[in-house]
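The values are calculated or read from the model by the stated rules, or taken from the named source; none is laboratory data. Just so we're clear, the structure is a prediction, and the values are computed from it rather than from any experiment. Cβ: placed from backbone, ideal geometry, glycine included. Neighbour counts: every protein chain shown. These accessible areas exclude ligands, DNA and RNA; they are computed on the full protein's heavy atoms, side chains included. Shrake-Rupley method; radii C 1.70, N 1.55, O 1.52, S 1.80 Å.
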Amino acid sequence: MKTLRSILPGPKSLSISVIFFTIAFGQVSAETILLKNGEKTYGTVIDQSTDTVTILKETKRQTLPKSQILKIIFKEIKDEAELAKLFDAEKKKLNKDGKKSEKEEQLDTILLEQMIKENSYKAVQKRLALIEKYIDEQDSSWEEYISANRNPWEPVWKSAILPGWGLSTMKHDNYARAYQIAIGLSIIVAIGGSQAATEQHNKAENRLSKILFEDPVTYAQIQGSGITGASVVVTKMQSDSISEYNSFKSKEGQYENYSRAGLYMGVGLYLVQLAQSYFLGQKWATHNIIQTPSGEAVKEGFNFKSNYMPIAAGGASNLWEYRTDLRYVSTF
């Protein structure tokens with residue numbers, strides 16, 4: 001035990017007793033933690049410091065002071081009788097200050113650290129399995145998406161054909177939907193405004209036709225009837241007709257403005273999403289870049305390289321040549 005003590009220089013203020021149990025691979029352990037006040041809790045130990053132990057309990061982190069922990073058992077124990085025996089046995093090991101011997105505390109710390117490493121590895125493996133399962137459920141083509149060769153112009157021409165398509169190809173679905181909705185609304189405003197303006201224009205033309213051809217006959221009949229105040233009635237009717245015509249023309253102008261605004265906005269958003277597809281596409285395709293052992297950046301497939309370089313240095317004159325290389329690069 002001298003050898004063990006000499007190589008265990010751990011903290012000297014620990015009061016934990018640890019029992020090590022083998023855990024089946026691929027399954028994160030559930031520890032039983034006995035507290036000095038007689039209570040117990042269950043969780044997976046994932047970290048420790050000089051004064052605390054961190055456990056994972058129902059996907060939430062919880063920190064426990066080591067001064068409150070009586071014993072950590074690396075298995076889940078539900079039998080109350082067994083727990084009572086363990087609690088009584090560990091209580092007897094405490095001195096009058098509520099601590100265990102330095103030797104036992106150091107051994108407990110080493111065993112606890114080893115179990116934390118094993119739990120952390122298994123927790124990461126479980127987390128990765130859940131992430132992969134989630135990705136598979138969300139998009140079964142994710143492996144193909146990651147490994148496929150990408151052309152930076154692909155998102156651009158796709159977005160040119162159908163707004164948002166290129167952004168969706170790069171998995172920027174929120175951008176794609178936003179552009180599609182905004183451009184769609186702009187088109188609706190442009191078309192709707194144009195149709196409303198045409199309707200108001202037709203109404204104005206019909207009103208003008210009545211003013212020029214039908215209303216004069218009506219006015220003549222009213223004035224010829226000998227009705228008292230006929231002139232006032234005719235004047236009021238003429239004023240109303242002109243006012244109605246002006247109202248139609250005013251609404252026609254408003255709807256034309258709405259139509260133009262919708263058209264300009266739609267065209268502007270269309271160009272903006274093309275530009276965004278281009279800039280994001282440059283980054284999206286960067287994984288195609290391969291670095292040669294010499295540090296040169298090339299792409300998989302045919303690569304052209306042109307250099308204008310001197311043939312020889314020094315001398316009375318410098319000779320230069322233009323050299324073009326064609327190489328095919330593949331990964332294996």
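Evaluate E = 1/(1 + (r/R0)^6) for Tyr278 and Asn202, where r is the Cβ-Cβ distance and R0 equals 35 Å; express this FRET efficiency to the nearest 0.05. Calculated transfer efficiency: 0.20. Between Gln62 and Asn37, the C-beta separation translates, for a Förster distance of 25 Å, into a calculated FRET efficiency of about 0.95. Checking the cross-link pairs Lys40/Lys93; Lys71/Lys133; Lys126/Lys158 against a 30 Å limit on the alpha carbon distance flags Lys71/Lys133; Lys126/Lys158 as lying beyond it.
At full extension, Glu132 and Asp173 could sit 12.8 nm farther apart than now, given 0.36 nm per residue minus the alpha carbon distance.
Label separation (Thr228 vs Ser247): 3.1 nm, computed from points 7 Å beyond Cα along the C-beta direction.
Note on Val217 and Lys96: the model spin-label points, each 7 Å out from Cα along the C-beta direction, lie 12.6 nm apart.
Full extension of the chain segment joining Lys85 with Thr50 gains 9.8 nm, where the gain is 0.36 nm per residue of separation less the Cα-Cα distance.
Of the residues Arg260, Arg150, Arg127, ranked by 1.4 Å probe accessible area with the largest first, the sequence reads Arg127, Arg260, Arg150. Net length available on complete extension from Ile110 to Ile161 is 12.0 nm, with 0.36 nm assigned per residue and the Cα-Cα distance removed. If you plug the beta carbon distance of Ser120 and Lys78 into 1/(1 + (r/R0)^6) with R0 = 30 Å, you get a FRET efficiency near 0.75. Among Ala89, Pro155, Asn174, whose Cα sits farthest toward the positive end of the charge dipole of region 62-219 (+1 at Cβ of Lys/Arg, -1 at Cβ of Asp/Glu, about the Cα centre)? After comparing all options, I get Ala89.
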